[in-house]
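Worksheet: one structure, shown below.
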Amino acid sequence: MMTRKKRRAVLIVIIVLILIILAAAFVLLYLNTDMFKSNQTLFVKYLGKNSDNIKALETIINSTDYDEQLKISPYNDTIEAKVNYTQNIGTTQENTEHPINELKVTVEGQTDNNSGYDYRDVKLLKNDEQVAQLEYLHSSNNYGIKFSDLFTQYVVSENTNLKELFRKIGYTDEQLENIPDTINLDEDILNELKFSDEELASLGEKYFGIITQNVTDTNFSKQNNQIVTINNQNYTANAYVLTLTKEQLNNIYVSLLQNLEQDETILAKIDILQNKISELSLGNVNLNLREDLINKIDRTIQRINQSNIGSDETKIIVYESEGQTIRTRIETPDYQTNIDCLQSQFAEVLVANGENEVYKFTLNNSSNNLSVVFQNNNDESIITLERTEELNNQTRNQNYNLIYQLDDKEVNVNISRTTQIIQSIDNVQSFNNENAVMLNTLEDAQAQEIINTVRTGLDTELEAIRQQIVYEDIEQMLKDIGLIRDSTVLGSSGITETEKNRFNSTFELLQGENLSTETVTNSIQTIKNNIGDMEIVSNDELRLSIVRSQANEEVVNTLTTYLENNRNNQYNISVEYDEDGLVNQLVLTIVEK
C-alpha cells in the first residue's frame, strides 16, 4: 500500500503534469487561434492582413509564365486598335455615325529580346484604306524610324553620345542640358521601387506601433456575428472596432507624417525615382522629389495642428471571417468608405456620403476574364475595363475593351492582340547603306539637312492626315463626354481647371485661426513667389494680393520685418477668390487678446 507521503508526491506530479498540459494548450491556442487575445491585438492583426489582400490582387497584373517566355523567345505580334463613339445610346435615335469610328490603327511586329531586335510596322487606316505608315526598327544599339509614305530610308541613331548628336542638329547649350548621353529604358525600375518582404514587415511593425502608442484598450471594441454582404454573398464576421476622437486621430496623423518624412526606407524609393527621371530628362529636372515630399508633409502637419479641436469621432472597423480580412470600413462625420476584398477574385472600394454613393471601384477576376469598373456619381460617369485572354499552345489572344459612359454617350476603345512564340524570325530587317541614314556619322550640315527634310516631309504628311481626319470633330467628341474639360481655358485667368485647383490648394492649406507669428512667417516664405502687393486695411488687417509667379521681394521683406517686430501677435488667415475662382487675396487678421 502506498504511504501518505508517496500518495502526496504522486498527486503533486499529476497536478504539475495537468498544469503543464494546460499551459501548453494555452500557448497553442494563443498562437494559433484568436482566443485570449485582446481586441487591440486582433484589430492590428486583421488590419495588417490587408497586405495579404494586396499581394493577392498583385497576381492579376504580375507577369505570367507566357510573359516570361516572351523575354527569352522570338515572337510575332499583331495589334489592332479601334474607337467607337455612340450618341443617344439606348434610344431610338442612337447614332454611331462619327468620323472617329472610321479610323483604325494596326501594328505588326517581330521581336527577339535576346538579340536586341524589334521591328514594328504601324499603319493608320480610314475605312480600311491606308492613311499613313510608320516603320520602327531596333537592331542592336541602333534605333531607326521610317515614314514609309515619304522616304525609302530609315533615319537612324545609335544610342550613344546623344548630346553630341543633338548639338549637331542644332540644339542650343541650354536645351542640351536636358539631353542624356544614352537612353536606358530600365525595365527593372518597378522592381527597384517595390518593397521587399522584410521592408514591408519592418514598415508594418513601425507604423502599427505608432498607432498603438497613441491609443488605449478603451478605444477598441468587438462585435460578434456581423452579417457582411460582398459581391451579393453574405458572410458572418467578427468586427474589431477602433474609435478615435478628432484629437486622437490628428495626433496619429501627425506622428505618422513626422516618421514618414524621416523614413529612409521610403525616401530611398523616392530617390530611385528621382534618379530615373534625371537619367531620362523627364519632367522638371530641377524638382527635388524628396524635398518636395517633405515640404508637403510639413504643410500638412501645420494644417492639422491648426484644426486639432473638436468632438467628432472616426471609426475604423475590420471585419474578419474564417481568419481572413474581408472588409475594412472607415466612418467619419463626412463620409464612409468600405474596402472589400476576397483574395484575387473580387475587390471593391465604395465611398459614400450617408446613403449616397459617391465613388465605387469594383474588380472582378474569374478564370481568364477581368472586369474593372469605376463609377463617379458626381458626374454620373462610368469607366469600364474588360480583358479576356485565351492561350493555345504558343499563341495568346488578348482583347481589351475600355468603355467610358456619360449620360447617353459612350466611347469604346477596343484593342485586340495576338502574340505567337516562334522558333526564329524570318526576313530579319537590318540597317545598311541603302536603306538607312546614320545621323551619328554625318557632318553637322548633313545631319541638319536630313532633319529639316524629315520635318518638312512630316508636316506634309500631317496636313494630308488632317484632310482625311477632321480634328475638330474628335475634339468636340472629347468635350461632349467631358474628357478635355480641364484643357479649357478659364475666363480671364488663362489657366486650366487642374492648374487652378493646384494653385488654390497652396494657399488654402495656410488658412487657420490663432496662428503664431512663426507659423505665419513660414507660410509667407512658402508663397513669396506669388505675392504681388500688400495693403494695410486697418490696425488689425493686412491684405496680400496674390499674383501667379509674380514675386515682390520688397513687400515680402517689409512684411517679414513687421512680423518679427510683433512676435507676440496671433493671426487668422483666410483667402478670397476672383470671378474665375482663383485665389487673389490672402487676408491676415490680428487676433484681439
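Observations on the model:
- The conditions of being out of contact with any strand residue (DSSP E or B) (no Cβ under 8 Å at 6 or more places or on another chain), within 26 Å of LYS168 (Cα to Cα), exposed (fewer than 15 other Cβ atoms within 10 Å of the Cβ) and free of Cβ contacts under 8 Å to residues at least 12 places away in the same chain are met by ASN452.
- Picking from residues in region 49-64 that are at pLDDT 80 or above and outside any helix (DSSP H, G or I), the one that is surrounded by the most Cβ atoms within 10 Å (Cβ to Cβ) is LYS49.
Residue-wise test of (1) in the same structural domain as ARG327 (by TED's automatic domain parsing); (2) surrounded by fewer than 16 Cβ atoms within 10 Å (Cβ to Cβ); (3) under 22 Å from the mean Cα position of the chain (by Cα).
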| residue | (1), (2), (3) |
| --- | --- |
| ASN356 | yes, yes, no |
| ASN365 | yes, no, yes |
| ASN378 | yes, yes, yes |
| ARG396 | yes, no, no |
| GLU410 | yes, no, no |
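- Hits in region 130-163 (condition: free of Cβ contacts under 8 Å to residues at least 40 places away in the same chain and over 14 Å from VAL454 (Cβ atoms)): GLN130, GLN133, TYR136, HIS138, SER140, ASN141, TYR143, ASN159, LEU162, LYS163
- Among the residues making up region 303-315, those that are of a type outside the set (Gly, Ala, Ser) and either out of contact with any Ser or Thr (no Cβ under 7 Å at 6 or more places or on another chain) or at positive phi (or both) are ARG303, ILE304, ASN305, GLN306, ASN308, ILE309, ASP312.
- Scanning region 391-433 for residues that are of a type in the set (D, E, K, R) and farther than 26 Å from GLU135 by Cα yields ASP407, ASP408, LYS409, GLU410.
- Qualifying residue in region 447-468 (condition: within 29 Å of the chain's Cα centre (by Cα), at pLDDT 75 or above and of a type in the set (S, T, N, Q)): no
- Check on ASP486, assigned to a loop (DSSP other than H, G, I, E, B) and either modelled with pLDDT under 80 or within 30 Å of ILE89 (Cα to Cα) (or both): no
- Set ASN184, ASN191, ASN225: member being modelled with pLDDT of 80 or more, surrounded by fewer than 15 Cβ atoms within 10 Å (Cβ to Cβ) and out of contact with any Pro (no Cβ under 7 Å at 6 or more places or on another chain): ASN225
- Residue within region 533-553 that is over 23 Å from THR300 (Cβ atoms) and part of a helix (DSSP H, G or I) present: yes
- Hey, TYR571 surrounded by fewer than 17 Cβ atoms within 10 Å (Cβ to Cβ), aromatic (Phe, Trp, Tyr) and at pLDDT 85 or above or not: no
- Residue in region 474-483 that is at pLDDT below 75 and surrounded by 13 or more Cβ atoms within 10 Å (Cβ to Cβ) present: yes
- Enumeration of residues in region 300-321 that are hydrophobic (A, V, I, L, M, F, W, C) and modelled with pLDDT of 85 or more: ILE301, ILE316, ILE317, VAL318
- If you go through region 142-171 and keep only what is part of a loop (DSSP other than H, G, I, E, B) and over 22 Å from ILE277 (Cβ atoms), you end up with PHE147, SER148, ASP149, LEU150, PHE151, THR152, GLN153, ILE169, GLY170.
- Those strands (runs of 3 or more DSSP E) of region 347-392 in which 3 or more residues are of a type in the set (D, E, K, R) occupy 381-392.
- Listed conditions (1) exposed (fewer than 15 other Cβ atoms within 10 Å of the Cβ); (2) over 25 Å from ASP459 (Cβ atoms); (3) touching a Leu at 6+ places or on another chain (Cβ under 8 Å) are all met by THR160, apart from (3).
The values are calculated or read from the model by the stated rules, or taken from the named source; none is laboratory data. Fair warning: this is a prediction, and the values are worked out from it, not measured in the lab. Neighbour counts are summed over all protein chains in view; Cβ atoms, including those assigned to glycine, are modelled from backbone coordinates with ideal geometry.
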